[in-house]
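To start, the structure under review is shown below, and the notes come after it.
The values are calculated or read from the model by the stated rules, or taken from the named source; none is laboratory data. Everything numeric in this text was worked out from a predicted model, so none of it was measured. Note: ideal-geometry Cβ built from the backbone for every residue, glycine included; neighbour counts use all protein chains shown.
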Amino acid sequence: MKPAKGEIFEGKVVDFALPESQGVLKRDGFVVFVGGVIPGDVCRVKIVKVKNNFALGELVELIEPAEGRVEPVCPHFEEGCGGCSLQFLSYPQQLAFKEKSAFDALQRVGKISREEIDYEGFFPSPKVFGYRNKMEFNFGPSQEGKLALGLHPKKRYWEVLDLKVCYLMDHEKTAQLLDFFRDFAVRNQLSGYDPVKKEGFLRNLLIRRSESEAEFIVGLASREGAIPKTEELIRELKSLVPSVQGLVHIINNAPASALIFEKKQLLFGRDFFYERIGSIRYKVSIESFFQVNSPGCYLLYEKVKEYAQLDRRQKVLDLYCGSGGIGLYLADSASSVLGVEENPKAVEDAKHNAWLNGLDNFICVSGRVEKMLSSLSSQKFDCVVLDPPRAGLDKKAVKKVVALGVPLIVYVSCNIGTFARDVLFFREGGYQLKKICFIDLFPHTPHFETVALLLKA
């Protein structure tokens, strides 16, 4: 029997759903999803929406908390900040829920049971707080109509929660930068962008940090127009945070909320930073992709190298290679590595990084992977490394990879759902999932990385 909207009931949480980060209760057998609760919690819940097969509820009162609950470190967590959703869980509990979610997806989507593969475990992040090397904050109107700088609340993209601190990055420097740019905008009467009204000048504050160099570069994104008093801005910024090595003005006129680099102007310093993973030094441009958790990235790259089983004789094809992250890390152990990447700026960085590290057996070409695969079909490779965007591959792209006939594929994914789907496609092409592990590059969020080895039957 369906519950009624507005009804209040008491119950015990029996399950936890990711990536929505919602607890699952049963009301006379009817499923109710509620945020902010975990299995074992006894709570009072109000029904706020009723669908055909489930209902949504909100927590009214926590009657008896379950084990594994902790007090969130960040003061903005209880305000509904969308930056992270699992801070109220102990870190071991977070890993346990992610692991269960991963195998649920593999079973449901990929028809893969835990027993039929070599599972190596769920590896924790070396840093639980302050791990991110990239954060995108938003300018916009607060609920009071004033200028705000922070992150969107959960499921409310049109609002901005005004943040004083963020513990996902170096919280002291991040707080200084948020305060500084918020104050600069207010002093110069610069408005924040309203995505509903499609008006306002300032849009984003992009902060990127090098873990190995302990320095920052900053991007200030706006709609078309000049940033006022740039000399004053630069002087004050350098004085406040000397570790900022570059400031870039980004023009973004697109109506969507995403940060898009339509144009950029270097205001001072440089528009890139250097990061070191293991023995490899990377130049990363402000707009290029790089794994956001540098210490965790080392674990990821090491696991990829292990799965690739290289002995300096193999030719590796590195698809979706970005600025050369994985391919350059493998180059010393391979005969040659060919990287394919769609973003021209990332390709430029990848070529520079090959030179920077003296790796003349790494080559990077620019092009859309799905199109480039057709032209690569006549070449022989011993190993393919895949690290696609969250959308994964598609059936046509999988067929083109299969057509290469390589004995093994190492698949890196940040989306367990699309990964499980693609594994099903690879199985149809004669590849079996043999080994898998998960690496937590995103503590306090529902996300994680998967590294998998697929072997040709």
*Filter pass, LEU18 being aliphatic (A, V, I, L, M) and in contact (Cβ under 8 Å) with a residue 60 or more places away in the chain*: yes
*Quick one: GLU120 ticks every box in (1) within 28 Å of ARG209 (Cβ to Cβ); (2) in contact (Cβ under 8 Å) with a residue 40 or more places away in the chain bar one, so which box is it?*
(1)
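Table: residues versus (1) more than 21 Å from the chain's Cα centre (by Cα); (2) over 15 Å from VAL410 (Cβ atoms).
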position	(1), (2)
ALA254	yes, yes
GLU262	yes, yes
PHE273	no, yes
TYR282	no, yes
ASN293	no, yes
TYR301	no, no
VAL316	yes, no
*asked:* One residue is enough: does segment 41-60 have a residue meeting the conditions farther than 25 Å from GLY6 by Cβ, touching a strand residue (DSSP E or B) at 6+ places or on another chain (Cβ under 9 Å), of a type outside the set (S, T, N, Q) and outside any strand (DSSP E or B)?
replied: no
*Counted residues, segment 40-55 - those being closer than 28 Å to THR418 by Cα and crowded, with 17+ Cβ neighbours inside 10 Å*: 1
*Evaluate the following for SER279: is it of a type in the set (S, T, N, Q), out of contact with any strand residue (DSSP E or B) (no Cβ under 8 Å at 6 or more places or on another chain) and over 24 Å from VAL398 (Cβ atoms)?*
yes
*asked:* Could you tell me how many of the residues in segment 240-259 are under 21 Å from ARG182 (Cα atoms) and either part of a loop (DSSP other than H, G, I, E, B) or among the charged types (D, E, K, R) (or both)?
replied: 8
_Residue check, SER113 more than 24 Å from GLY219 (Cα to Cα), at pLDDT 95 or above and of a type in the set (Ser, Thr, Tyr)_ = no
*Hey, VAL406 part of a loop (DSSP other than H, G, I, E, B) and either in contact with an Asp or Glu (Cβ under 7 Å, 6 or more places away or on another chain) or modelled with pLDDT of 95 or more (or both) or not*: yes
*Failed criterion for PHE381 (all others in (1) out of contact with any helix residue (DSSP H, G or I) (no Cβ under 8 Å at 6 or more places or on another chain); (2) outside any helix (DSSP H, G or I); (3) hydrophobic (A, V, I, L, M, F, W, C); (4) surrounded by fewer than 17 Cβ atoms within 10 Å (Cβ to Cβ) hold)*: (4)
*asked:* With the structure loaded, tell me whether LYS305 is part of a helix (DSSP H, G or I) and within 19 Å of LEU386 (Cα to Cα) or whether it fails that test.
replied: yes
_Candidate set: segment 205-256, residues that are touching a Gly at 6+ places or on another chain (Cβ under 8 Å) and among the basic types (Lys, Arg); chosen: the one surrounded by the most Cβ atoms within 10 Å (Cβ to Cβ)_ = ARG208
